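Structure provided below as structure tokens; questions to follow.
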Amino acid sequence: MRTEQPKLIRLVDYQQPDYLIDETHLTFELYEDYALVHAHLVMQRNPALGCDLPRLVLDGVELQLLHLAMDDQVLTAADYQVDAEQLSLQPLRPSFTLDSTVRIEPQNNTALEGLYKSGEMFCTQCEAQGFRKITYYLDRPDVMSSFTTTVIAEKQRYPILLSNGNLIEEGVEDKRHWATWQDPHKKPAYLFAVVAGDLWSVEDSFTTMNGREVTLRIFVEPENIDKCQHAMNSLKKCMRWDEEQYGREYDLDIFMIVAVNDFNMGAMENKGLNIFNSSCVLAKPETSTDAIFQRIESIVAHEYFHNWSGNRVTCRDWFQLSLKEGFTVFRDSEFSADMNSRTVKRIEDATFLRTHQFAEDAGPLAHPVRPPEYMEISNFYTWTIYEKGAEVVRMLHTLLGPERFRQGSDLYFERHDGQAVTCDDFVAAMESVSGMDLTQFKRWYSQAGTPVLRVTDEYDAERQLYHIDIAQSCPATPGQANKQPFVIPVAMGLLGAEGQALSARLQDAEQCVTQDNWVLTLNQAQQRFTFTEVSERPLPSLLRGFSAPVKLHYDYSREQLAFLLQHDSDGFNRWEAAQQLAVQVIEEVCEQLRTHAPVQVDGCLAQSFAAVLNNPHLDTALQAEIISFPSLAYLLELQEQADVQLTDKAREAVRLYLAEQLAEPLQALYNRLREQAKQTQYRPEAEQIGNRRLQAMALSYLTLLQRDDIVAATVAQFEQADNMTERLSALSCLVNSTAQSQAQAALVQFAEEFAHDPLVMDQWFSVQAASSVLGELAHVRQLMQHPSFSIKNPNKVRAVIGAFTQHNLPQFHAEDGSGYVFLAEQVAALDALNPQMSARIITPLTRWQRYTPAQQALMRAQLEQLQALPKLSKDLYEVLERTLA
Ligand code: TRP
Ligand code: ZN
């Protein structure tokens, strides 16, 4: 906590570290009411910087210094200076050792950063700057050291003692025992970890491509030992995939994962000892949905992939965060695409990006993929750094092609193994292998905002020429009024009147993937592309596979969209056509509601959806995606000024209309898929997941019909299904239906059955908080009184407060402003406990400029009240300052 204004840290001020740490030797003495951390550091003056000896400035926060010695000379208060964030002293020689002992209180650490307790377990979270809450150190990623760590704790309470690397020694002394771990790979402090607890583990092994045997171990609290298998399978799959796709081999004899209940984010890639939010590692069919199984697969892979993209090659400074995160998200999403349906994965990623990242990029917190400045780096673990960063890497992949991209990544890992580097170094490797000049491409790293493409076309029948004109622009973002043109790969094809792919020749084509699938490379504000030998007037299929993170406008008629939806050879664009069609139809109903005209829903959507449901050539996963409706959040994101209540009404009206029109095929489909599910042994695999998703989608439409037989079928599914996917989709339908007595009964039964399982209770909480039917504010406040709720547990905060503010938009944006008051209250309460969480859950309020003037005033009032609080964390201070600037 602080009151004076926090400093801005700027990329342009980057300087190499004055001193280096070659060896770090740590000893942790863990007790119930405090911990002692002894550090022995072997240091030297940075040889690159000269032979003078500037003052040594170490980072350290909330540490009680008990002992300090340099070269074994004990120092007294006169020898050093300490303030709330730093300790400084004068070295006398270019090489020296530094010994310190500090006292900390992990049991009182509610920020979940540094060393803390999650339940009965000790664990750490050091990224980005948590290590300074453990000991005095050069807590920056370009200081890389070897680590030897001894952990000492009571044997009975903490039988398992872990740290990075290999176990080299252990022993017992009375009731306490100790273990020493050594990590041979130099690493920055943010990758350090220790764990102590009463944990059970599941063990397996992996033989690397060079025949080395690696022990794999997943540690969990004893009651979760039956929920590890899926994560273990995912781990083995992604280790193999990284060898095959990137030539990356694992580099220690053991790889460990620990599941903890209290964790601010999804998981953390500490070297050889990944620490996971239990929600991102534990699963079994009876308690976990398909979505959770898939999330686990992707997060296990993400953290594992960091071993190379992040750990072996790390970031020079935190401005380069997307160097590891963007690249690693790209890697994990390609892995998921290979393990499941590639098209569906792309649809999920694009939907997510367009709903969340586009909103961020259009608001007051917009920042480039490489931000130029920050106050609190924790605030920059954003959709822009992760998801847009991954899109930037994907565009490089598209521009270079898969082979050269692989050569580029090989070169990057080879050149920079063991180094702390920048985004420029990554791009430079891609330039080296391709001979391309990527200078202009790098604007993606420095300019914020979502580019907008406006596309028009012209067909010259006589000369068989087809022209496409594309104009690109990018809106102003905070601190960036004018933008230079981006390099944008636009993948596209042309369809003939029969729906066939038209072949043609692209004039001056640099990029021609096949005869009928092109990648146009835009690099100017306004550009014309001409195709020759075009035998008929084509219909363009643009931005196939969502080849760039942009908004594209082409004036499609509804007939053309329906045509693309039926015929496009690109699965992504079939889905996209359905989305655009739905958006057009919903917008039309919005306009009718706005002008109090009678509501008339265009029948084109129902016809198209019927065709999709009857199309035997489409897999169920894609069918489900196509008939899944644009979310309210996405629809609002498209509007100039978001009108929550009206858009919700229009969206519901169109959904009801579809349910009525398609009742018969939906019912038949539901019955068939439900019967099939009963006869199938549950497995979290792509084909089954697609079936269950379509089944759930059908049921959610049918629920709108308020028919007793459908309610009965839903209750039966809830009671009889043997897997959580079907049970939860049934529960969600009931909760969002008019059958409230059945919903209540199901909720009570569910809570009794799963009271002992916090991860299932998270689902129970969020299905209610996210429901615009049940999740009135009063009910949400009641949920927070439930014995399973705790504001100190981030998963519970996300399940209740997050679900309400992000997924229950009609109630959160209630016209009296009560939702905003509620969120501000929770932000204030959380800020005193866990600043990373307070600065994150406030996000919906930071989008205040998107709403009607009346709502804006109500939201601003809450933001201003928060800003006036006497004590604000650095995290929340920065978010408020930028939001209200
Ligand atoms: N590096 C982690 C990842 O993306 C992110 C992370 C985990 C994190 N815990 C954190 C970031 C706490 C900031 C604070 O895989
Ligand atoms: Zn990551």
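The values are calculated or read from the model by the stated rules, or taken from the named source; none is laboratory data. Everything numeric here is computed off the predicted structure, so don't read it as measured data. As a convention, Cβ positions derive from the backbone with ideal geometry for all residues, glycine included, and neighbour counts pool all protein chains shown.
Quick test for you: out of GLN744, GLN695, pick the one residue that is crowded, with 23+ Cβ neighbours inside 10 Å and at pLDDT 95 or above.
GLN695
A quick yes/no check of all residues on (1) small (Gly, Ala, Ser); (2) surrounded by 17 or more Cβ atoms within 10 Å (Cβ to Cβ); (3) not in a helix (DSSP H, G or I):
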{"residue": "GLU498", "(1), (2), (3)": "no, no, yes"}
{"residue": "GLY545", "(1), (2), (3)": "yes, yes, no"}
{"residue": "ALA582", "(1), (2), (3)": "yes, yes, no"}
{"residue": "GLU591", "(1), (2), (3)": "no, no, no"}
{"residue": "ALA597", "(1), (2), (3)": "yes, no, yes"}
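Please work out if ILE254 is out of contact with any helix residue (DSSP H, G or I) (no Cβ under 7 Å at 6 or more places or on another chain), of a type outside the set (Lys, Arg), more than 14 Å from ligand 2 (Cβ to nearest atom) and under 23 Å from CYS126 (Cα atoms).
It is true that ILE254 is out of contact with any helix residue (DSSP H, G or I) (no Cβ under 7 Å at 6 or more places or on another chain), of a type outside the set (Lys, Arg), more than 14 Å from ligand 2 (Cβ to nearest atom) and under 23 Å from CYS126 (Cα atoms).
Can you pull out the strands (runs of 3 or more DSSP E) entirely within the range 1-73 that have at least 3 residues that are of a type outside the set (A, V, I, L, M), in contact (Cβ under 8 Å) with a residue 12 or more places away in the chain and surrounded by 18 or more Cβ atoms within 10 Å (Cβ to Cβ)?
It comes to 19-30.
For the range 357-379, which positions are away from ligand 2 (no atom under 16 Å from the Cβ), of a type in the set (A, V, I, L, M, F, W, C) and part of a helix (DSSP H, G or I)?
PHE358, ALA359
Given the options GLY114, GLY171, GLY165, name the one that is more than 30 Å from VAL74 (Cα to Cα) and away from ligand 2 (no atom under 16 Å from the Cβ).
GLY165
Residue-wise test of (1) of a type outside the set (Phe, Trp, Tyr); (2) crowded, with 19+ Cβ neighbours inside 10 Å; (3) farther than 25 Å from VAL12 by Cα; (4) under 15 Å from the mean Cα position of the chain (by Cα).
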| site | (1), (2), (3), (4) |
| --- | --- |
| VAL344 | yes, yes, yes, no |
| PRO371 | yes, yes, no, no |
| TYR386 | no, yes, no, yes |
| THR398 | yes, yes, yes, no |
| GLU403 | yes, no, yes, no |
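Moving on to the next point. For the range 439-471, which residues satisfy the criterion of being under 27 Å from the mean Cα position of the chain (by Cα) and closer than 30 Å to GLN15 by Cα?
Matches in the range 439-471: PHE441, LYS442, ARG443, TRP444, TYR445, SER446, GLN447, ALA448, GLY449.
Taking the residues in the range 443-477 that are in contact with a His (Cβ under 8 Å, 6 or more places away or on another chain) and of a type in the set (A, V, I, L, M) as candidates, determine which candidate is surrounded by the fewest Cβ atoms within 10 Å (Cβ to Cβ).
Among residues in the range 443-477 that are in contact with a His (Cβ under 8 Å, 6 or more places away or on another chain) and of a type in the set (A, V, I, L, M), the one surrounded by the fewest Cβ atoms within 10 Å (Cβ to Cβ) is VAL452.
Next question, about the same structure. Looking at ARG354, ARG331, ARG346, can you tell me which residue is among the basic types (Lys, Arg), part of a helix (DSSP H, G or I) and within 13 Å of ligand 1 (Cβ to nearest atom)?
Just a single option satisfies the conditions, and that option is ARG331.
Looking only at residues in the range 547-563 that are among the small types (Gly, Ala, Ser) and either more than 33 Å from the chain's Cα centre (by Cα) or assigned to a helix (DSSP H, G or I) (or both), which one is surrounded by the fewest Cβ atoms within 10 Å (Cβ to Cβ)?
Top of the filtered list is SER557.
Let me ask something else. Restricting the range 699-713 to residues that are touching a residue at least 24 places away in the same chain (Cβ under 8 Å) and under 23 Å from GLU286 (Cα atoms), which is surrounded by the most Cβ atoms within 10 Å (Cβ to Cβ)?
LEU699
Let me ask another. Take residues that are of a type in the set (Gly, Ala, Ser) and within 27 Å of ASP570 (Cβ to Cβ) and tell me which of the helices (runs of 4 or more DSSP H) falling wholly in the range 613-709 contain 3 or more.
Because the criterion is at least 3 residues that are of a type in the set (Gly, Ala, Ser) and within 27 Å of ASP570 (Cβ to Cβ), the helices (runs of 4 or more DSSP H) in the range 613-709 that meet it are 686-703.
Further question: Out of the residues in the range 650-682 that are within 30 Å of ALA814 (Cα to Cα) and in contact (Cβ under 8 Å) with a residue 60 or more places away in the chain, which is surrounded by the fewest Cβ atoms within 10 Å (Cβ to Cβ)?
Checked the range 650-682; the qualifying residue surrounded by the fewest Cβ atoms within 10 Å (Cβ to Cβ) is ALA653.
Name the residue that is farthest from ligand 2 (Cβ to nearest atom), counting only residues in the range 334-343 that are of a type outside the set (A, V, I, L, M, F, W, C) and in a helix (DSSP H, G or I).
That would be THR343.
To continue, here is another question. How about the range 459-474: which of its residues are closer than 11 Å to PHE529 by Cβ and charged (D, E, K, R)?
Hit for the range 459-474 is ASP469, nothing else.
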